[in-house]
Number of protein chains: 2
Amino acid sequence: MTSTDFAPALADIRAGFEIPPDKVYLDGNSLGPLHRHAREKTLSVLQDEWGDDLIAGWNKHDWINLPLTVGNQVARLVGANPGEVLCCDNLSINLFKALAAALQLNTPRTRIVTEATHFPTDNYIAEGLAQLLGPGTCRVDALPLAEIEQLDFSDVAVLSLAHVDFRTGHRRNLPALTQRAQSGGALVLWDLAHSAGVIDTALSENNVDLAVGCTYKFLNGGPGSPGFLYVAQRHQHAGNVIPGWMGHADRFAFEASYRPAQGIGRFLTGTQSVIALAAAGAALSVLDGIDIGTLRECSLRLSDAFLAALGDHPTTAGIECLTPTPHSDRGSQISLRLPEGYPISQALIERGVIVDFREPDIVRFGFAPLYNQPTDIDQAVAALADIIETRCYEASRFNQRNTVT
Amino acid sequence: MTSTDFAPALADIRAGFEIPPDKVYLDGNSLGPLHRHAREKTLSVLQDEWGDDLIAGWNKHDWINLPLTVGNQVARLVGANPGEVLCCDNLSINLFKALAAALQLNTPRTRIVTEATHFPTDNYIAEGLAQLLGPGTCRVDALPLAEIEQLDFSDVAVLSLAHVDFRTGHRRNLPALTQRAQSGGALVLWDLAHSAGVIDTALSENNVDLAVGCTYKFLNGGPGSPGFLYVAQRHQHAGNVIPGWMGHADRFAFEASYRPAQGIGRFLTGTQSVIALAAAGAALSVLDGIDIGTLRECSLRLSDAFLAALGDHPTTAGIECLTPTPHSDRGSQISLRLPEGYPISQALIERGVIVDFREPDIVRFGFAPLYNQPTDIDQAVAALADIIETRCYEASRFNQRNTVT
């Protein structure tokens, strides 16, 4: 595989990413890079929309509907219907609303099942909700995946899981787990943070009830760009547990009582950042016309090439890989277990190979089909091998911890 | 009063606002205009920080602490101490957290008192929280202000009020109401949406317990820019009802259990938009070194001039003004009651005098000391008088309702 024959359908998109030429960027699973369109659109929103049109921008540029229109862009990529996804707030807030809606929809069941190694915020939020509702009203069980796979779900209100595990890159069997939980009468809530934009989650086809995610990883919306919330159309009669004016049926009537809007809009609460939503929308528009299947195929070709290169090099061949090898079980990252993972990740970064580290010993390599190329793989593996061989990571500067790892 | 002698201390700041020259902008109470610094900083965050430094930006540019650092900028303007304000999410979400914290802090009291004509979202959120907690655990009473002023508060957990009424521009007596409620054992939560940046709320001096607000009005952070949350230092042991990873004591340890951070940071939940926070921070930095007392004084001079000009013109002299005349009772807007308010507001906007309308018959004129000048007042009153005299507002184009009013 050479760079010239890699994913020609994506060549134009790739050219628009403004990644510094001295960097091999393998951290799109944490923060996607800047695309020219996102920069240009954001500047235009600042200058031409806000700057020139001021308050009139809410009508003239339809800012008021951005959570829905950007939500529809996300909907296509996660296999949902238009009107089933909102882009707003952040994943954590959306999860709080989704869990509360699930409990309401599945009354009188009160049990939330999550995975013990779920992304921490997902479990903190579930526990926070349970604490708020009080004993007897909600209970959270964080179980190992193997146990979840055997559960009969007959007393479970909602199963809350990550589609791709953030530590290991293990992709869970979304169709099978959804079906199993639903056959026991539970609803299913998927966290798509590490799969949106690289794996077809086919939410409608898989009859998924609820989902949340973020736009700052493989969707390239920018640091801290908005989260998203999917509520299947059949569940949109549920209440919004944080009912604000933006979800009201007639926002500018300023009625004393809350009347929820019809459809997904009722899950909005407060005013959303127009700049943040516009940047996310511009980043998403880069994907217009690109099939999610193409992205998944390219992602797998990249991670396959990385595994092959690792195996081919005598220095790296023996490294433990936490990510499952079968395509069906693999997300869009490869996680290596390295006892000296922190300083090794810092040494890679110093050489321009941008990866990240997760406690206690995991180095993550993310593969983004939109901009990564086979040459990135070759450079990353060569750098890793050299760093291990020379033990240069033992230098004290690589052992100083950053605030964000 | 001529433009040349108006607020010379603010002349440099005024010159930096990029308001189109054909517009008289009197809607800063709804959406502040773009300042050059905000545009430049946002572009730099996009291009130089996100674009060039990618994931390293979280450490290198201290993105991770933006909610605290921008919060500290707000703190100075609302009379709070550093470490008492977070800039994050939006007003509605922050209010939900603040109300829940108040109930927790004031256990076993369960009664929330709000004003019947409070900004609707504030009451929707309170009702939503009460519904979530269930009967017996929380009750919301929305009362007229006159009744609140006589209440003994002996069974009230928290009083939730707007400092300045969004419809009438009536400024409430924050020190007296705070003291009265607290003397009955209640906590007090102020919504500062219409006062932050134009009135010294002196939160510490007035011993205020909790407050929320937004940065998109008189703080000029941009459309939908982040909200803020003030929690007095003495109350920061309260829990965050939506506990997410950003409020964890050690975010990147990814611990299975939630351990709240010390201080205001624990009230964070999910990842915040760096672009939105940076724009808000840049807009706030425009105010560095400017005393809030100066801003209040200039605001009153502008609204005084507006009232005088209205009174001087035979066509406008008889219009009913909903905003109280005493300075102590006036916010930074003047609200006129006009039976044909909607088409009149649209006719003003067509002539470049940007105001807004609130149901059923209120036209609001906002006064922003940072960029409004006496000439704006003269032009606005002349346009209003002419529109009323010529009845041009009767044209059908002025009667077509916009989505956002």
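So here's what we get for this one:
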item: Residue check, A:Val140 of a type in the set (Val, Ile, Thr), assigned by TED's automatic domain parsing to the domain that holds A:Ser273, within 16 Å of A:Leu103 (Cβ to Cβ) and touching an Asp or Glu at 6+ places or on another chain (Cβ under 6 Å); result: yes
item: Which listed residue is more than 14 Å from chain B (Cβ to nearest Cβ), without any contact (Cβ under 8 Å) to a residue 12 or more places away in the chain and of a type in the set (Lys, Arg), from A:Arg259, A:Arg180, A:Arg234; result: A:Arg234
item: Yes/no for B:Arg259 being in contact with a helix residue (DSSP H, G or I) (Cβ under 6 Å, 6 or more places away or on another chain), in the same structural domain as B:Lys97 (by TED's automatic domain parsing) and over 29 Å from B:Pro33 (Cα atoms); result: no
item: Selected residue [surrounded by fewer than 24 Cβ atoms within 10 Å (Cβ to Cβ), more than 9 Å from every other protein chain (Cβ to nearest Cβ), of a type in the set (Val, Ile, Thr) and in a loop (DSSP other than H, G, I, E, B)] from B:Thr107, B:Thr137; result: B:Thr107
item: Every residue from the stretch A:298-333 that is closer than 30 Å to A:Leu174 by Cα, outside any helix (DSSP H, G or I) and out of contact with any Gly (no Cβ under 6 Å at 6 or more places or on another chain); result: A:Ile319, A:Glu320, A:Cys321, A:Leu322, A:Pro324, A:Thr325, A:Pro326, A:Arg330, A:Ser332
item: Pick from the stretch A:323-381, criterion without any contact (Cβ under 8 Å) to a residue 24 or more places away in the chain and in contact with an Asp or Glu (Cβ under 6 Å, 6 or more places away or on another chain), ranking: surrounded by the fewest Cβ atoms within 10 Å (Cβ to Cβ); result: A:Pro339
item: Condition broken by B:Leu68, with the remaining ones in (1) buried (at least 23 other Cβ atoms within 10 Å of the Cβ); (2) assigned to a helix (DSSP H, G or I); (3) more than 9 Å from chain A (Cβ to nearest Cβ); (4) within 21 Å of the chain's Cα centre (by Cα) satisfied; result: (1)
item: Given (1) more than 24 Å from B:Ser195 (Cα to Cα); (2) touching a residue at least 12 places away in the same chain (Cβ under 8 Å); (3) among the aliphatic types (A, V, I, L, M), index of the condition B:Leu295 fails; result: (1)
item: Test result for A:Pro20, within 12 Å of chain B (Cβ to nearest Cβ), under 26 Å from B:Trp50 (Cβ atoms), free of Cβ contacts under 8 Å to residues at least 40 places away in the same chain and assigned to a loop (DSSP other than H, G, I, E, B); result: yes
item: Scan of the stretch B:30-53 for residues that are in contact with a strand residue (DSSP E or B) (Cβ under 6 Å, 6 or more places away or on another chain) and either more than 7 Å from every other protein chain (Cβ to nearest Cβ) or assigned to a helix (DSSP H, G or I) (or both), ordered by number; result: B:His35
item: Hits in the stretch A:54-69 (condition: in contact with a strand residue (DSSP E or B) (Cβ under 9 Å, 6 or more places away or on another chain) and closer than 30 Å to B:Asp53 by Cα); result: A:Leu66, A:Pro67, A:Thr69
item: Any hit, the stretch B:120-128, residues being touching a His at 6+ places or on another chain (Cβ under 7 Å) and farther than 23 Å from B:Gly169 by Cβ; result: no
item: Only one of B:Arg266, B:Arg301 that is at pLDDT 95 or above and out of contact with any helix residue (DSSP H, G or I) (no Cβ under 8 Å at 6 or more places or on another chain); result: B:Arg301
item: Given (1) assigned to a loop (DSSP other than H, G, I, E, B); (2) under 30 Å from A:Asn240 (Cα atoms), number of the condition B:Leu132 does not satisfy; result: (1)
item: Criterion: outside any helix (DSSP H, G or I) and either of a type outside the set (Gly, Ala, Ser) or at the interface with chain A (Cβ under 7 Å from one of its Cβ atoms) (or both) - qualifying residue of B:Ile112, B:Ile125; result: B:Ile112
item: Selected residue [among the aromatic types (Phe, Trp, Tyr), more than 13 Å from the chain's Cα centre (by Cα) and in the same structural domain as B:Phe119 (by TED's automatic domain parsing)] from B:Phe252, B:Phe228; result: B:Phe252
item: Residue match in the stretch A:21-36 (condition: buried (at least 17 other Cβ atoms within 10 Å of the Cβ) and over 22 Å from the mean Cα position of the chain (by Cα)); result: yes
item: Test: B:Thr168 is touching a helix residue (DSSP H, G or I) at 6+ places or on another chain (Cβ under 7 Å), more than 10 Å from chain A (Cβ to nearest Cβ) and at pLDDT 95 or above; result: no
item: Count - residues of the stretch A:354-405 that are part of a loop (DSSP other than H, G, I, E, B) and under 21 Å from A:Glu18 (Cβ atoms); result: 8
item: A:Phe267 being surrounded by 24 or more Cβ atoms within 10 Å (Cβ to Cβ), away from chain B (no Cβ under 13 Å) and either more than 18 Å from the chain's Cα centre (by Cα) or of a type in the set (Phe, Trp, Tyr) (or both); result: no
item: Test: residue in the stretch B:74-95 that is touching an Asp or Glu at 6+ places or on another chain (Cβ under 7 Å), surrounded by fewer than 22 Cβ atoms within 10 Å (Cβ to Cβ) and over 30 Å from B:Phe357 (Cβ atoms); result: yes
item: Close pairs from the stretch B:382-405: first within 14 Å of chain A (Cβ to nearest Cβ), partner of a type in the set (Phe, Trp, Tyr), Cβ under 6 Å, at least 6 apart; result: B:Val404/A:Trp58; B:Thr405/A:Phe252; B:Thr405/B:Phe357
item: Residue list for the stretch B:271-280, restricted to those being in contact (Cβ under 8 Å) with a residue 40 or more places away in the chain and either in a loop (DSSP other than H, G, I, E, B) or more than 7 Å from chain A (Cβ to nearest Cβ) (or both); result: B:Gln272, B:Ser273, B:Leu277, B:Ala278, B:Ala280
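Let's see how each residue does on (1) free of Cβ contacts under 8 Å to residues at least 40 places away in the same chain; (2) farther than 18 Å from B:Thr269 by Cα:
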position: A:Asn81; (1), (2): no, yes
position: A:Cys87; (1), (2): no, no
position: A:Ile93; (1), (2): no, no
position: A:Arg109; (1), (2): no, yes
position: A:Glu115; (1), (2): no, yes
position: A:Cys138; (1), (2): yes, yes
position: A:Ala157; (1), (2): no, yes
position: A:Phe166; (1), (2): no, yes
position: A:Gly169; (1), (2): no, yes
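Residue-wise test of (1) among the hydroxyl-bearing types (Ser, Thr, Tyr); (2) farther than 25 Å from A:Cys88 by Cα.
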site	(1), (2)
B:Arg167	no, yes
B:Arg171	no, yes
B:Thr178	yes, yes
B:Val188	no, yes
B:Asn207	no, yes
B:Tyr216	yes, no
B:Ser225	yes, no
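The values are calculated or read from the model by the stated rules, or taken from the named source; none is laboratory data. If you're wondering where the values come from, they're calculated on a predicted model, not measured in any experiment. All Cβ positions, glycine included, derive from the backbone under ideal geometry; neighbour counts span all protein chains shown.
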